[in-house]
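Let me begin by presenting the structure, written as structure tokens, before commenting on it.
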Amino acid sequence: MKTSHLSPPLLSVREVYKKFAKDIRYNLYYGIKDIFFGYNKSYDQLRHQEFWALQNVSFDLREGEILGIVGANGSGKTSLMRMIAGIYTLEQGEIMTRAQAKVTAVFALKSGMEPLYTGRENIYLKGALYGMSKQEIDSRMTFIEEFSELGDKLDTPLGNYSSGMGARLAYAIAVATNPNIFIIDEALAVGDSVFKTKCFEHLKEFVKQPSSGVLFVSN
């Protein structure tokens, strides 16, 4: 899909930095210290046990684009995506989304789903975690049923599903949130080849919708 570069990007990341401590105890200590006493050191100075997860990252995601974020394991890809999704706080730099743009991030397809609940019950559970109301979930139920292709299996416990079946259901729920910015963090590494092909084809169609773009994260 061709888009005009004169229009504002869906997402703009500018000079983003993020650091962590190698020992979680130092993360907690520095976090509490900074909250109560403020952080007076220059940001470019690392404290004991700290390391850079991200340094000076900038890019734009525009309408109609599928943008690949590629890097080796441990290079900070997931940390960056979690900052964009609002899970991690922004320490330095700017992350700006187009006004009222909705972001849905998939970091682990089946996280937050309960194996003892049926597939249908997990739709409501996972949908709620994405911020959907019951009415919104009900309105998208037919789409989820058709996209997941699980049929009457939706009324059986998730724990009885194969990994591919669980992946199809989780992906269908994520897509049903109707995001503007869809973040896929190596989520398609699970599931069968037919499911992967279907998801890739769906992403191509998804970005043809107005005000839609995808960040696809992979190593």
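The values are calculated or read from the model by the stated rules, or taken from the named source; none is laboratory data. Just so we're clear, the structure is a prediction, and the values are computed from it rather than from any experiment. Positions of Cβ are generated from backbone atoms using ideal geometry, with glycine treated the same way; all protein chains shown enter the neighbour counts. Just the protein is used for accessible areas: all its heavy atoms, side chains included, with ligands, DNA and RNA removed. Shrake-Rupley method; radii C 1.70, N 1.55, O 1.52, S 1.80 Å.
Couple of notes before you dig in:
- Atom-type composition of the exposed protein surface of the chain places 53 percent of the accessible area on carbon and sulfur (1.4 angstrom probe).
- Using alpha-carbon coordinates, inclination of helix 24-37 to the longest axis of the chain, degrees: 60 degrees
- J(HN,Hα) series, the range 46-63, from Karplus relation 6.51 cos²θ - 1.76 cosθ + 1.60, nearest Hz, glycine and proline x: 8, 8, 3, 6, 8, 8, 7, 8, 9, 9, 6, 8, 9, 5, 10, 10, 10, 3
- The range 1-133 - accessible surface per residue (Å², probe 1.4 Å): 61 Å²
- Taken one residue at a time, the phi angles of the range 131-145 give Karplus couplings (6.51, -1.76, 1.60, θ = phi - 60°) of x, 7, 7, 4, 5, 5, 5, 4, 5, 9, 4, 4, 4, 4, 4 Hz. Gly and Pro are set to x.
- The modelled label-to-label distance for the pair GLU121/LYS33, using points 7 Å beyond Cα in the direction of Cβ, is 4.7 nm.
- For the pair SER218 and GLN100, a Förster radius of 22 Å applied to the C-beta separation gives a FRET efficiency near 0.15, rounded to the nearest 0.05.
- Per-residue HN-Hα couplings for the range 154-171 [Karplus 6.51, -1.76, 1.60; θ = phi - 60°; Hz; x = Gly/Pro]: 4, 9, 10, x, 4, x, 8, 6, 6, 4, x, 5, x, 5, 4, 5, 4, 5
- ASP60-ASP152 FRET efficiency (beta carbon distance; Förster radius 35 Å; 0.05 resolution): 0.20
- For GLU65, the residues whose modelled amide H falls within less than 5 Å of its own, excluding neighbours fewer than 5 places apart on the same chain, are VAL214.
- In this structure the amide hydrogen of GLU50, modeled in the peptide plane, comes within under 5 Å of the amide hydrogens of LYS22, none closer than 5 places in sequence on its chain.
- Full extension of the segment from THR197 to ARG14, taken as 0.36 nm per residue of separation minus the current Cα-Cα distance, would add 62.6 nm.
- Between GLU50 and THR89, the modelled label-to-label distance comes to 1.3 nm, taking each label 7 Å out from Cα in the direction of the beta carbon.
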